[in-house]
1. Does at least one position in region 126-135 carry a residue that is surrounded by 21 or more Cβ atoms within 10 Å (Cβ to Cβ), among the hydroxyl-bearing types (Ser, Thr, Tyr) and touching a strand residue (DSSP E or B) at 6+ places or on another chain (Cβ under 9 Å)?
2. Considering only residues that are without any contact (Cβ under 8 Å) to a residue 60 or more places away in the chain and more than 19 Å from Asn111 (Cα to Cα), which ones fall in region 140-180?
3. Could you check region 31-80 and list, in sequence order, the residues that are touching a Phe, Trp or Tyr at 6+ places or on another chain (Cβ under 8 Å) and among the acidic types (Asp, Glu)?
4. From the list Glu57, Glu13, exactly one residue is without any contact (Cβ under 8 Å) to a residue 24 or more places away in the chain and loosely packed, with under 13 Cβ neighbours inside 10 Å. Which is it?
5. Residues that are closer than 23 Å to Asn177 by Cα and open to solvent by less than 40 Å² (accessible area, probe 1.4 Å): does region 16-24 have at least one?
6. Can you tell me which residue in region 142-159 is most open to solvent (accessible area, probe 1.4 Å), limited to those that are farther than 22 Å from Gly32 by Cβ and either modelled with pLDDT of 95 or more or not in a strand (DSSP E or B) (or both)?
7. Which residues, taken from region 164-174, are touching a helix residue (DSSP H, G or I) at 6+ places or on another chain (Cβ under 8 Å) and open to solvent by 20 Å² or more (accessible area, probe 1.4 Å)?
8. Just for region 164-173: of the residues that are in contact with a Phe, Trp or Tyr (Cβ under 7 Å, 6 or more places away or on another chain) and of a type outside the set (A, V, I, L, M), which one is nearest to Ile23 (Cα to Cα)?
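The values are calculated or read from the model by the stated rules, or taken from the named source; none is laboratory data. Everything numeric in this text was worked out from a predicted model, so none of it was measured. Cβ coordinates were reconstructed from backbone atoms using ideal geometry, including for glycine residues, and neighbour counts include every protein chain displayed. For accessibility, only protein heavy atoms count, side chains too; no ligands or nucleic acids. Shrake-Rupley method; radii C 1.70, N 1.55, O 1.52, S 1.80 Å.
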Amino acid sequence: VSTLEEEAFAKLEAIQTIKTNQIENYFAERMGDVSVLSGNQTVIDAINAFETAFEAEGDRTGGTQWNAAESQYGSWLTQYEQEYGYYDLFLINQDGDVVYTVEAESDLGANIVTGSLKTSSLGKAFTKGQSGVALADFEPYAPSAGAPAAFVSAPVRDGGKTIGIVALQIPLNQINNIMQA
């Protein structure tokens, strides 16, 4: 019996090691995605366009200028979000205004520095993302119906100056798929 128990524990430890490595690799890939995305010229141009429109139209989304920016950049950002399997993609200006989100939930147009989302995982990702590629752990996220959400973020720089943050919302189902495989 002790030999069988030892074998069972050895198998469980091996599975635990494999799953740990898979999860660590998954998050490393997500951090790589947001790092590359933050330096992409389309993202730089998009955050500039959305911020300009947001400010020109009274700190709101959905105006003529904002819609023009959405027409120009929205399909590219949506394709990125879908192709890489993210739940959402955010462009946030330096003031903490969510100037664009693919899913356009209640966080669109919100300020995550002063508003109700400042202590959310997106708020934490924004703060951490100011200084480099960052991860904010899973916790309930109100705009996504309270579903657990984690975020990776990175600063977007234009000419050496940080102009905002790009963030990606990681879906919980991909973590579940790794754990249940």
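1. no
2. Within region 140-180, Ala147, Pro148, Gly159, Gly160, Lys161, Leu172, Asn173, Asn176, Asn177, Gln180 qualify.
3. Result: Asp33, Asp45, Glu57, Glu70.
4. After applying the criteria, what remains is Glu13.
5. Yes.
6. Ala145
7. Answer for region 164-174, where residues must be touching a helix residue (DSSP H, G or I) at 6+ places or on another chain (Cβ under 8 Å) and open to solvent by 20 Å² or more (accessible area, probe 1.4 Å): just Gln174.
8. Looking at residues that are in contact with a Phe, Trp or Tyr (Cβ under 7 Å, 6 or more places away or on another chain) and of a type outside the set (A, V, I, L, M), I get Pro171.
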